[in-house]
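> Let me begin by handing over the structure; questions about it come next.
The values are calculated or read from the model by the stated rules, or taken from the named source; none is laboratory data. Note that this is a predicted model, so its numbers are computed, not measured. Glycine gets a Cβ as well: all are built from the backbone with ideal geometry, and neighbour counts include every protein chain shown. Side chains included, ligands, DNA and RNA excluded: accessible areas come from the protein's heavy atoms. Shrake-Rupley method; radii C 1.70, N 1.55, O 1.52, S 1.80 Å.
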Amino acid sequence: SSSKQIWRNLALQLLLTNGSSLALLNSMGQEISRCKTSIRRSQPNPVFKETFVFQVALFQLSDVTLMVSIYNRRNMKRKEMIGWVALGQNSSGEEELLHWQDMKESGNQQVCRWHTLLEA
C-alpha cells in the first residue's frame with residue numbers, strides 16, 4: 001500500500017547522514033590540509049553552501065589538487081564514500097580543470113560551479 005511506501009521512504013531518509021571532506025594534496029599526493037563540512041541529516045540531496053579557505057602560495061596553485069569527497073555516515077563508526085571530484089593538478093575531468101584555471105585567474109573573486117560526482 002502507499003502508506004508502506006511512505007513509511008519506507010521516511011525510514012530511508014532518516015538513515016541518510018551526509019557530509020563532505022575537502023583535502024588539499026601536493027603534487028606527490030600527500031595531504032597538506034583538510035576541512036570538513038557540517039553534517040546534513042535526513043536530506044537525500046543535500047547542498048553544502050559553505051566557504052573554505054586554504055592557504056596556498058600563488059606559485060603553488062598549479063601543483064596542488066583539491067579532492068572533494070561526499071560521505072554517507074550510517075552510524076558513528078562507519079561511513080561510506082558516495083562520490084568524489086578533484087580540481088587542480090590532478091583534476092577528475094575537463095570541467096574541473098577549467099574551474100581550477102578560472103579560479104587561478106579570478107584574483108579574489110569567488111568562482112562557483114556545480115560538478116557531477118564520480119562514483120566511489
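> What is the residue count in region 13-28 for residues that are over 17 Å from Met81 (Cβ atoms) and either open to solvent by less than 100 Å² (accessible area, probe 1.4 Å) or modelled with pLDDT of 85 or more (or both)?
Within region 13-28, residues that are over 17 Å from Met81 (Cβ atoms) and either open to solvent by less than 100 Å² (accessible area, probe 1.4 Å) or modelled with pLDDT of 85 or more (or both) number 5.
> Any residue in region 48-66 that is closer than 9 Å to Gln89 by Cα and touching a residue at least 12 places away in the same chain (Cβ under 8 Å) sitting within a Cβ distance under 9 Å of a residue that is among the aromatic types (Phe, Trp, Tyr) and open to solvent by 40 Å² or more (accessible area, probe 1.4 Å)? List the pairs, counting only those 6 or more apart or interchain.
Val64/Phe54; Leu66/Phe54
> Which ones in region 57-90 are among the aromatic types (Phe, Trp, Tyr) and modelled with pLDDT under 85?
Result: Tyr71, single match.
> Only residues that are open to solvent by 70 Å² or more (accessible area, probe 1.4 Å) and out of contact with any Ser or Thr (no Cβ under 9 Å at 6 or more places or on another chain): list them for region 81-100, please.
Answer for region 81-100, where residues must be open to solvent by 70 Å² or more (accessible area, probe 1.4 Å) and out of contact with any Ser or Thr (no Cβ under 9 Å at 6 or more places or on another chain): just Glu94.
> Against the condition surrounded by 10 or more Cβ atoms within 10 Å (Cβ to Cβ), modelled with pLDDT under 85 and within 22 Å of His115 (Cβ to Cβ), how does Phe54 come out, does it pass?
no
> In region 30-51, which residue that is of a type in the set (A, V, I, L, M) and either farther than 19 Å from Trp114 by Cβ or more than 12 Å from the chain's Cα centre (by Cα) (or both) is modelled with the highest pLDDT?
Residue satisfying both the conditions and the ranking: Ile32.
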